[in-house]
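K.L.:
My structure is below; once you've seen it, I'll send some questions.
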Amino acid sequence: MTGRFQLTLGMLAISVAAVPAVVAYAETDGAEQSAFREAIKFGFSGDAIQGGVMIGDAPSGTRSLSFDGAPVPIDDDGKFIIAFNRDAGQAAQLVATLDNGETVRKFFNVAPRKWKIEHVALNRRGRTASAAFKKRRAPELAQINAARRMQTDSEGWRQTFIWPVKGRISGMFGNQRIYNGSPGSYHSGTDIAAPTGTYYVAPADGVVTLAAASPFSLEGNLLMIDHGMGLNSAFLHSSKILVKKGQHVKRGEPIGRVGSTGSATGPHLHWSMKWNKARIDPILLTGPMQ
């Protein structure tokens, strides 16, 4: 897993400086202090970067873990996952509370990304959603939010992610337009252009949390998969969904077909990922498309 994260910084030409953890050591002799320091170290793979993900190993004897004040689950072997939102600030803090009540703190300097920002000398068209659209949209959003809240036993978050489909990348995560100084919404995922009907596969193991029975107004035929520990994927605009809610899927297993349902100008797969509330960049999990 470490290898794929190391190549992302080379690809993006960004360096990250991490501030050492801050720990209060008990008053013991030199040998005991040395052993204690080794036991309470965090271990990480990945980079502290906007839109990025890190897999960690909690210090020995960790009772609970929090990231910027929010609780983080820890697996039986001490592994956990954290991620940085597209607009994450320059600093973040991870805190482990040990069985003896002491705390171990890890501070991160979060590397910024240079997003592609397009300035448009036009006013954004004001669109007021109709009452009919709002009525249709409300239950769709409720289904999406419910799917994201679902917690499963999947361990896909531990795996090296693969591209769900190969093709031309027609939309990059994080891109944004500014209309006469007024920012529009940034692109929340990666778009991969492919012919209608092309199979796409699960990028990692997971459990299906939403398989739309009919096209959503914007997303079209929407499929969502939970990879465990708060990490999930959404696949938009499918021409057909091949799996059902509650189904366990394996990395590389066909789960749908590319389409242009919903709000789409042509056939493509929109793949977006979130860790809890943080929107993350799929390419930082897969590496460049080969």
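K.L.:
For the stretch 212-290, which fully contained strands (runs of 3 or more DSSP E) count at least 1 residues that are farther than 23 Å from PRO73 by Cα and either without any contact (Cβ under 8 Å) to a residue 12 or more places away in the chain or in contact with a strand residue (DSSP E or B) (Cβ under 8 Å, 6 or more places away or on another chain) (or both)?
P.N.:
It comes to 221-228, 231-238, 254-257, 268-275.
K.L.:
Restricted to the stretch 99-108, and to residues that are touching a strand residue (DSSP E or B) at 6+ places or on another chain (Cβ under 6 Å) and open to solvent by 10 Å² or more (accessible area, probe 1.4 Å), which residue is nearest to PHE173 (Cα to Cα)?
P.N.:
Here the residue is PHE107.
K.L.:
If you go through the stretch 160-181 one residue at a time, do you hit one that is farther than 25 Å from GLN50 by Cα and basic (Lys, Arg)?
P.N.:
no
K.L.:
Hey, another quick one. Are there any pairs with C-beta distances below 6 angstrom linking a residue in the stretch 138-164 that is closer than 17 Å to LEU285 by Cα and touching a residue at least 60 places away in the same chain (Cβ under 8 Å) to a residue that is in a helix (DSSP H, G or I) and of a type in the set (A, V, I, L, M, F, W, C), with the two at least 6 apart or on different chains, and if so which?
P.N.:
From the stretch 138-164, the pairs are PHE161/LEU285.
The values are calculated or read from the model by the stated rules, or taken from the named source; none is laboratory data. Fair warning: this is a prediction, and the values are worked out from it, not measured in the lab. When we count neighbours, we look across all protein chains shown, and the Cβ atoms used for this are built from the backbone with ideal geometry, even at glycine. Calculation scope for accessible area: heavy atoms of the full protein, side chains included, ligands and nucleic acids excluded. Shrake-Rupley method; radii C 1.70, N 1.55, O 1.52, S 1.80 Å.
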